[in-house]
Amino acid sequence: MNLSALGFFRSLRQDNQQFAVIGLGRFGRSVCSTLHRLGYEVLATDIDEKRVSEALTEQIVGHALQLDSTESAALKEAGIFEFDTVIVAIGNYVQESIITTLNVKEAGVPHVVAKASSEVHQKLLKRVGADHVVFPEYEAGCALARTLTKPSILERFDLDPDNSIVELIVPDEFHGKTITELQLRNRYGLNLLAVSHDGKFLINPDPTKRLERGSAMVVIGHNKDINRLPI
Ligand code: ATP
């Protein structure tokens with residue numbers, strides 16, 4: 001996630017309680033079950049009757065319907081166009097995914113999130129009007145490569161291509177030093193946002209706090225400076 005997604009997420013209505021999910025593959029099901037567990041109303045649809053009944057039996061959604069989402073009339077009849085946010089979770093059927101996205105955007109659904117399964121698919125989804133495109137396989141691959149090459153970085157939030165907030169394991173070199181002694185701002189140009197303590201994060205820690213090996217710290221700054229840390 002980065003700044004380019006900001007406009008989309010800011011435009012989502014905070015009081016929106018209802019979502020429609022089209023496609024009940026692994027991705028669609030995980031979106032449904034999470035929204036459902038969080039207490040939101042979810043209408044799920046799939047062309048495959050078996051997947052629809054499984055979703056209902058497993059209680060991952062409140063409502064599920066069998067329909068072909070490439071047919072605009074079927075979407076209209078099911079009330080999909082009345083939703084504020086629709087998730088098109090059809091990754092492996094590019095044509096169906098594109099037509100479905102086009103259908104919901106043409107009908108005026110304000111927030112459409114679509115899943116891509118390739119770069120070309122991602123471009124096509126944007127062309128037909130998807131407001132936000134996710135490409136989970138690509139994103140997970142990038143995250144894994146980063147973790148493998150920098151195992152001490154536990155989490156990373158890209159603010160833009162150059163700046164990030166990262167959670168990392170306190171480097172051995174920092175063990176036993178206070179935040180003042182470390183001089184992260186002068187030496188690395190980084191700001192320390194939090195350190196972990198007893199399984200919780202201490203936000204804006206006191207400068208006299210000593211860092212401990214094995215705990216975690218959260219810094220914000222330029223990627224080049226983050227890469228200069230002794231990790
Ligand atoms: P995976 O499950 O492999 O992680 P995924 O979550 O992207 O991938 P797909 O394999 O793309 O899922 O399947 C998405 C679902 O979309 C399937 O259950 C399929 O039946 C459904 N689907 C495909 N075409 C249509 C359509 N025209 N209308 C509605 N649902 C459709």
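The values are calculated or read from the model by the stated rules, or taken from the named source; none is laboratory data. Given the structure is predicted, the values throughout are model-derived calculations rather than measurements. Cβ placement follows ideal geometry from the backbone for every residue including glycine, while neighbour counts extend to all protein chains displayed.
Just a few scattered comments:
- Matching residues in region 42-78 - criterion: being in contact with a helix residue (DSSP H, G or I) (Cβ under 7 Å, 6 or more places away or on another chain) and farther than 15 Å from GLY25 by Cα: VAL42, GLY62, THR70, SER72, LEU75
- All conditions but one from (1) closer than 30 Å to ALA116 by Cα; (2) free of Cβ contacts under 8 Å to residues at least 24 places away in the same chain; (3) in contact with a Leu (Cβ under 8 Å, 6 or more places away or on another chain) apply to SER196; the one that does not is (1).
- When ASP48 is tested against (1) touching a residue at least 24 places away in the same chain (Cβ under 8 Å); (2) over 21 Å from VAL134 (Cα atoms); (3) within 16 Å of the ligand (Cβ to nearest atom); (4) surrounded by 15 or more Cβ atoms within 10 Å (Cβ to Cβ), only condition (4) is not met.
- Evaluation of VAL133 against the conditions (1) within 30 Å of LEU102 (Cα to Cα); (2) outside the structural domain of SER97 (by TED's automatic domain parsing); (3) surrounded by 13 or more Cβ atoms within 10 Å (Cβ to Cβ) shows that the sole unmet condition is (2).
- Just one residue in the set SER117, SER33 is within 10 Å of the ligand (Cβ to nearest atom) and out of contact with any helix residue (DSSP H, G or I) (no Cβ under 6 Å at 6 or more places or on another chain); that residue is SER117.
- The residue list VAL42, VAL21 contains one member that is β-branched (Val, Ile, Thr) and more than 12 Å from the ligand (Cβ to nearest atom), which is VAL42.
- Just one of (1) in a loop (DSSP other than H, G, I, E, B); (2) out of contact with any Asp or Glu (no Cβ under 8 Å at 6 or more places or on another chain) fails for HIS121. It is (1).
- The residue that is farthest from the ligand (Cβ to nearest atom), among those in region 70-105 that are under 16 Å from PHE19 (Cα atoms) and assigned to a loop (DSSP other than H, G, I, E, B), is ASP84.
Residue-by-condition table, conditions (1) of a type outside the set (Gly, Ala, Ser); (2) in contact (Cβ under 8 Å) with a residue 60 or more places away in the chain:
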position	(1), (2)
LEU125	yes, no
GLY129	no, no
PRO136	yes, yes
ALA140	no, no
THR147	yes, no
LEU159	yes, yes
ILE169	yes, yes
GLU173	yes, no
ILE179	yes, no
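- Failed item, numbered, when ALA64 is tested on (1) in a helix (DSSP H, G or I); (2) within 12 Å of the ligand (Cβ to nearest atom): (1)
- Among the residues listed as LEU192, LEU229, the single one being at pLDDT below 95, hydrophobic (A, V, I, L, M, F, W, C) and buried (at least 18 other Cβ atoms within 10 Å of the Cβ): LEU229
- Qualifying residue in region 90-100 (condition: over 18 Å from the mean Cα position of the chain (by Cα), among the polar types (S, T, N, Q) and surrounded by fewer than 15 Cβ atoms within 10 Å (Cβ to Cβ)): yes
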